[in-house]
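*Asks:* Before we start, here is the structure in question, set down as structure tokens.
The values are calculated or read from the model by the stated rules, or taken from the named source; none is laboratory data. No experiment lies behind these values; they were computed from the predicted model shown. Every residue, glycine as well, gets a Cβ built from its backbone with ideal geometry; the counts of neighbours run over all protein chains shown.
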Amino acid sequence: MTENRTSGRFEAALRSGKFVITAEVTPPDSANPQDVLAAASKLGKFADALNVTDGSGANCHISSVAACTILSQAGYEVIFQMSCRDRNRIAMQGELLGAGALGLHNVLCLTGDDVTVGDHPQAKRVFDLDSTQLIQTARIMRDDGIFLSGRKISSPPKFFLGGADNPFVEPFDFRPLRLAKKIEAGAEFFQTQYCFDVERLRAHMKKVRDLGLHEKSFILIGVGPLRSEKTAEYMRTKVPGVYIRDEIVERLRKTPTEGKRVEGKRICVEIIQQVVEIEGVAGIHVMAHKQEDAAVEIIEEIQALKVSKKL
Amino acid sequence: MRFFKRLRDKPYLLEVTYKFTEAIFARLHPLIKRLGYGRADKLMRIPEKIGKGAVFDCQMCGQCTLHFTGMTCPMGCPKNLRNGPCGGVRQGGFCEVDATMKCVWVEAYERSTKMKICGDGIFNIQPPLNQRLANKSAFINLLSLQGADMPETWKTETGLRHD
């Protein structure tokens, strides 16, 4: 984990040992680049890198690679998210080369939410590669300079490769080992699903440390604010893979309406304070769809609280 | 039907049967080669579909990884994932796409822990499917192809083990 593969600020920040903050941007439903810049403006100032989602929740938006390029040209450090749901291996390898040529080095390889949860449930699901295979494919393109067909790439791309991790859903025992599998395939950093269960995360990270995986990769823990118990209820029933403990939902329900937003932020800050204490955590990944203001306040608060010496 | 369902929870018995069948095919390889892989495939296709269909709900992908996936067919996963579960698994271990179904990988992992021969195979990195092999006999494909359709640098072994 010493070699700097790209000239990117995200990789450099992680390798420096700094506590890294990444934030998620949902590309707009617009062909106007100004709208892409607007979507990133609030969190861009505070984050070491911005994740640009790829048809998040299986909903149609401007493509990740296009939005990434617009943001990267405006000076942001971006993480290009690529899901296996919508393209076959020909399109994916072509797009990986394209991303490399456009200077997008950070690639987060994802399985992708199923088409049934999005706005086009009639669509054909592709999944020609799975996320582990996508990581390995990108690594082979980078390190061996070939496509999966064996054909040579004249100028191979430089990538810093990432994968997703969800410690909060079953099969719990397999999750750390799946991380190890992805590392063998070529993953160098991980970003997790929303953490609303620190106990579960602690157990997961213990296994990760036992396997020595925290020394082979950088792990960023997903966090984000809840606006109310209704948002929490929606997220845990409708958003795939999100688990929220009953106590948290109950806490929001008991809070008077005008105080819910503040309470949601407080819960998030408390979770971050506990997360930074866990050995092997390299940073946090803030997801705050339509709640960018709250997310900015959370980041300011944890910086003021100096939750981590490395922040 | 209940019989086959119960059988699925006997992964050790299934892996022994699987390895035994594989060994028979390996023995018969010279004969199959002389017969021609195409002809052998036509002979094997239907019995394989019926047999593995009944026990594993086989989808005839033509590239059996059963012994590496807890004797649970990964093609039953709506996303056809071959290397492990997605992050969308519901509480209680149910599938993101079909909430009435247990996640294929929750079952696969559980069963892999009970296997004695190939249990650690679940940690191997499975290559992408070769779509040209679909609807053909996996045993014959294994003999004719010998894993020659991925770059030599495609890594499969991870060295990971069950505790």
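*Asks:* I need the full set of residues from segment B:89-101 which are within 12 Å of another protein chain (Cβ to nearest Cβ) and either touching a Cys at 6+ places or on another chain (Cβ under 7 Å) or surrounded by 24 or more Cβ atoms within 10 Å (Cβ to Cβ) (or both), in order please.
*Replies:* Going residue by residue through segment B:89-101, those that are within 12 Å of another protein chain (Cβ to nearest Cβ) are B:89-99.
Answer for segment B:89-101, where residues must be within 12 Å of another protein chain (Cβ to nearest Cβ) and either touching a Cys at 6+ places or on another chain (Cβ under 7 Å) or surrounded by 24 or more Cβ atoms within 10 Å (Cβ to Cβ) (or both): B:Val89, B:Gly93, B:Phe94, B:Cys95, B:Glu96.
*Asks:* In segment B:66-79, which residues are under 11 Å from B:Gln126 (Cβ atoms) and either within 7 Å of chain A (Cβ to nearest Cβ) or in contact with a Gly (Cβ under 8 Å, 6 or more places away or on another chain) (or both)?
*Replies:* Let us first name the residues in segment B:66-79 that are under 11 Å from B:Gln126 (Cβ atoms), namely B:68-69, B:74.
Within segment B:66-79, B:Phe68, B:Thr69 meet the criteria.
*Asks:* Could you say whether any residue in segment B:48-55 is more than 26 Å from A:Arg125 (Cβ to Cβ), touching a His at 6+ places or on another chain (Cβ under 6 Å), modelled with pLDDT of 90 or more and away from chain A (no Cβ under 14 Å)?
*Replies:* No, because not a single residue in segment B:48-55 is more than 26 Å from A:Arg125 (Cβ to Cβ), touching a His at 6+ places or on another chain (Cβ under 6 Å), modelled with pLDDT of 90 or more and away from chain A (no Cβ under 14 Å).
*Asks:* Could you tell me whether any residue of segment A:59-79 is at the interface with another protein chain (Cβ under 10 Å from one of its Cβ atoms), closer than 27 Å to A:Ser7 by Cα and among the charged types (D, E, K, R)? Explain how you work it out, then say what you get.
*Replies:* Here is the first cut: in segment A:59-79, the ones at the interface with another protein chain (Cβ under 10 Å from one of its Cβ atoms) are none.
No - not one qualifying residue is present in segment A:59-79.
*Asks:* For segment A:115-231, which fully contained helices (runs of 4 or more DSSP H) count at least 3 residues that are surrounded by 23 or more Cβ atoms within 10 Å (Cβ to Cβ) and at the interface with chain B (Cβ under 9 Å from one of its Cβ atoms)?
*Replies:* On the way: elements: A:131-143, A:174-185, A:198-210.
Ranges flagged: A:131-143, A:174-185.
*Asks:* Take the residues in segment B:132-163 that are farther than 27 Å from A:Phe174 by Cβ and among the polar types (S, T, N, Q), then tell me which one is farthest from the chain's Cα centre (by Cα).
*Replies:* Here the answer is B:Ser144.
*Asks:* Considering each of B:Thr158, B:Thr100, B:Thr153 in turn, give the residue that is in contact (Cβ under 8 Å) with a residue 12 or more places away in the chain and more than 26 Å from B:Ile32 (Cα to Cα).
*Replies:* Details: B:Thr100 fails: in contact (Cβ under 8 Å) with a residue 12 or more places away in the chain; B:Thr153 fails: in contact (Cβ under 8 Å) with a residue 12 or more places away in the chain.
When all the criteria are applied, what remains is B:Thr158.
*Asks:* A follow-up question, please. Tell me yes or no: at least one residue of segment B:5-12 is in a helix (DSSP H, G or I), of a type in the set (Lys, Arg), surrounded by fewer than 14 Cβ atoms within 10 Å (Cβ to Cβ) and away from chain A (no Cβ under 14 Å). Walk me through how you get there before you give the answer.
*Replies:* Let us first name the residues in segment B:5-12 that are in a helix (DSSP H, G or I), namely B:5-8, B:11-12.
Now narrow it down to the ones that are of a type in the set (Lys, Arg): B:5-6, B:8.
The next check asks that each one be surrounded by fewer than 14 Cβ atoms within 10 Å (Cβ to Cβ); those that pass are B:5-6.
Right, trim to away from chain A (no Cβ under 14 Å) and you get B:5-6.
Checked segment B:5-12: at least one residue is in a helix (DSSP H, G or I), of a type in the set (Lys, Arg), surrounded by fewer than 14 Cβ atoms within 10 Å (Cβ to Cβ) and away from chain A (no Cβ under 14 Å).
*Asks:* Something else: Out of B:Ile140, B:Ile117, B:Ile122, which single residue is more than 9 Å from every other protein chain (Cβ to nearest Cβ), of a type in the set (A, V, I, L, M, F, W, C), in contact (Cβ under 8 Å) with a residue 40 or more places away in the chain and within 17 Å of B:Pro11 (Cα to Cα)?
*Replies:* Result of the check over B:Ile140, B:Ile117, B:Ile122: B:Ile117.
*Asks:* Sticking with this one: Is it fair to say A:Val107 is part of a strand (DSSP E or B) and either touching a Lys or Arg at 6+ places or on another chain (Cβ under 7 Å) or buried (at least 24 other Cβ atoms within 10 Å of the Cβ) (or both)?
*Replies:* Judged against the criteria, A:Val107 is a match.
*Asks:* Just to be sure before I move on: is B:Gly53 within 16 Å of A:Thr132 (Cβ to Cβ) and either under 14 Å from the mean Cα position of the chain (by Cα) or part of a loop (DSSP other than H, G, I, E, B) (or both) in the structure I sent? If you could, list the steps in order and put the result at the bottom.
*Replies:* Numbers: within 16 Å of A:Thr132 (Cβ to Cβ): no; either under 14 Å from the mean Cα position of the chain (by Cα) or part of a loop (DSSP other than H, G, I, E, B) (or both): yes.
Judged against the criteria, B:Gly53 is not a match.
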